[in-house]
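In what follows, a structure is listed as structure tokens, so that the remarks can point back to it.
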Amino acid sequence: MTEPVFCFPQSPEELRLFLKINIGRLTLHAGYLLGNREDAEDVVQEVIIRAYRIREDLKMVSNPAAYLFRMVSNAALDQLRRRNTREKATIRMKHLSSMKFSEPREDGLIREEERQRVRFLLNKLPKEQAEVIGFRFAADLTFQEIAGIVEAPVTTVKSRFSYGLIKLRSMMKEQKEVTYEM
Amino acid sequence: MKCDLIQMKIADLFDDQMSPEEKQEWLSHIGKCEDCREAYEDFLALATSLRPDLKISDGEEQINKILTEIEKERTVVKTLRASGIVWHRILRVAATIVIVLGVAAGIIYLTTFRNPVQAAGSLLEKSIRAMISLKSVYMVFAVRTYANENFESIDQTAGFIDFKIWKEFGTEPKWRFDKPGRSIIMDGQSQYQLNQSGGYVLKGAPEAGFVGWMKMFLEPMKILETELSFARSNPSFCTVKEKGDQLELTVKATAQGNFSNPYALNATIPEANTRRVYLFDKDSHMLKALSVYVESEQEDICVLKLTEITVDPTLPDSLFVFGNRNGKPVLTLEEWDQAAARGLKDISSEEAVRIFLTACGKNDWKTVQRFSPLFSLPGSNTLKIIQSRFAGSRLLGIGTSFTSGIYAGVYVPYIIQIKSGATIEGNMAIRKDNPYQTWNIDGGY
């Protein structure tokens, strides 16, 4: 995506070049959704191998990197859905625990709590806004690249990003005030 | 008074495309304005919090791992091709689905698409996106055909019977086709065909053509690619219409093959003039249903319907193994070929059929068995069927062979008088496209 690629790679050599540009961000994006590196790498690998298997079909896909980001999103979300109820419950508990700041924590833990809290609030935003913010900050995609993935004009993507971020900041402030009052 | 200028420019500040001069101008404002500085710092903190705390390497190791997996797949395919196992012969193999379409008139396209090609392209891309994330799929088709026929055979006068397909995607895809009388299993390494009336399980390469034309249903994205490629090169041959919350894609296909003799016309879906109607969910563009109609001057007859499609069902491993073959031996295609070596060669097709039917009349089953490995297999019912029909019969005449449709062999007309005195006319399907070029009888008895 930083270098124009107009066709999905048709040979291992082309694929290597393509991945050198994109694999880091694909993995970051998957990691952002899944929360750990191992699962992220597995999902990215699975998606790329599947896509390469049908590379002939993908010749007509105009933006293969954007296409793969969407595929990674789908695969990662699918994996999340498959995780069992107990795991989900644990995650929910984590979110709840992150809402309390009564005890002093080490820096790393505080950062992790803050991260989880932001993620928790991000999920309260409209899906389109949360998606754009995730792509921009987690996968470090440009607005143009995001526009290709979500199939919307760059101006729309930027609006979603701005409204989402302003709302997120507002929610963060509200929560901090509530926490301090407590 | 609070300054909220930054809120107007927030996206630009996080946009790498912003010019350095413009960015510097804004950072300068932020340096002076406390409200904007506070907001900007909050946004930066949010950005930091949203970055996954993952140590991502340069990806070289991950890339090598992916390429190794891909190389493994390529090696397997190459090996199978080199060994000659990939040889479609037993069934009529639908060649690459290159369908020749007639010109269709009165085409209606969705006004939301700028042009038909774009309509088809958009549909395809979204469908591929929907399909590529599939883990597994289960489909049920209702097909007008008979129990022991091949998977691609149709008969407009027959009732509907169910075809069931299970597919598990992955690096070694597994799938299973079931219809009454026949099952095909791909266990990730090989295909296995179990014909209930046969005395064996036939083992073929992963790419063997055991399911014929139906194979395209194993890759839902392939169905669309096949059909929509027409829309790209011949946009007037397909229509896309909006129907409530669904999209309807209609493709018209003319019969494949040579029909100077129409005998095989409408014998299989590829050999029929069909109208295929696909339904997709409008939002996800997921395939929801498919109906295939054989077109005729009087009335189009539906010969195939997709009646159920379940996405990502849990499929047990046991589905992809023949747990109980009832003691039937497994025969590879190579062994099948070796068995074909003892067939007859260097004679015409008509002469071969004459020898076959004469041998039937004389109850000379050893000669009959030379016309197909299938006739010699212990437990196979095929020879018994031939014996019950043709034993003691009298050959009245042999016609000139002809080709029809896409069948790789020829049809030889014959007339016999069976023991009851009745006269039977038929066309024996016979082919010699095996490595030994010996005559093998496929059907017509």
ask   = Fewest to most neighbouring Cβ within 10 Å: what's the order for B:Ile63, B:Ile385, B:Ile185?
value = B:Ile385, B:Ile63, B:Ile185
ask   = Along the charge dipole of the range A:1-83, which of A:Ile48, A:Leu33, A:Ala66 sits closest to the positive end, that is, farthest toward it, with unit charges on the beta carbon of Lys, Arg, Asp and Glu (+1, +1, -1, -1)?
value = A:Leu33
task = Using R₀ = 56 Å, calculate the FRET efficiency as 1/(1 + (r/R₀)^6) where r is the Cβ-Cβ separation of B:Ser190 and B:Lys243; round to 0.05.
result = 0.85
task = Would you mind checking the pairs A:Lys124/B:Lys288; B:Lys282/B:Lys305; A:Lys20/B:Lys215; B:Lys135/B:Lys328; B:Lys167/B:Lys241 and listing those with alpha carbons more than 25 angstrom apart?
result = A:Lys124/B:Lys288; A:Lys20/B:Lys215; B:Lys135/B:Lys328; B:Lys167/B:Lys241
query = Using 0.36 nm per residue, how much length does the chain from B:Glu69 to B:Glu299 gain when fully extended, once their Cα-Cα distance is taken away?
reply = 77.7 nm
key: For residues of B:135-142, the mean tally of beta carbons on other chains within 10 Å   = 1
message = Using a 10 Å cut-off around each Cβ, can you sort B:Phe322, B:Phe14, A:Phe137 from fewest to most neighbouring Cβ atoms?
response = B:Phe322, B:Phe14, A:Phe137
key: Peptide A:34-47 - average C-beta neighbours from other chains (10 Å radius)   = 3
request  = Could you pull out the GluC sites (Glu not before Pro) across the range B:238-324 that fall in loop regions by DSSP (anything but H, G, I, E, B) with no more than 13 other Cβ atoms inside 10 Å?
outcome  = B:Glu297, B:Glu299
note = Computed for the range B:341-443: size of charge dipole around the Cα centre, +1 on C-beta of each Lys and Arg, -1 on C-beta of each Asp and Glu, debye to nearest 20, value 360
message = Using a 10 Å cut-off around each Cβ, can you sort A:Arg160, B:Arg342 from fewest to most neighbouring Cβ atoms?
response = B:Arg342, A:Arg160
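A short reminder: the numbers here are calculations on the coordinates, not readings from a lab. Quick caveat, the model's predicted, so the values are computed rather than measured. Cβ: placed from backbone, ideal geometry, glycine included. Neighbour counts: every protein chain shown.
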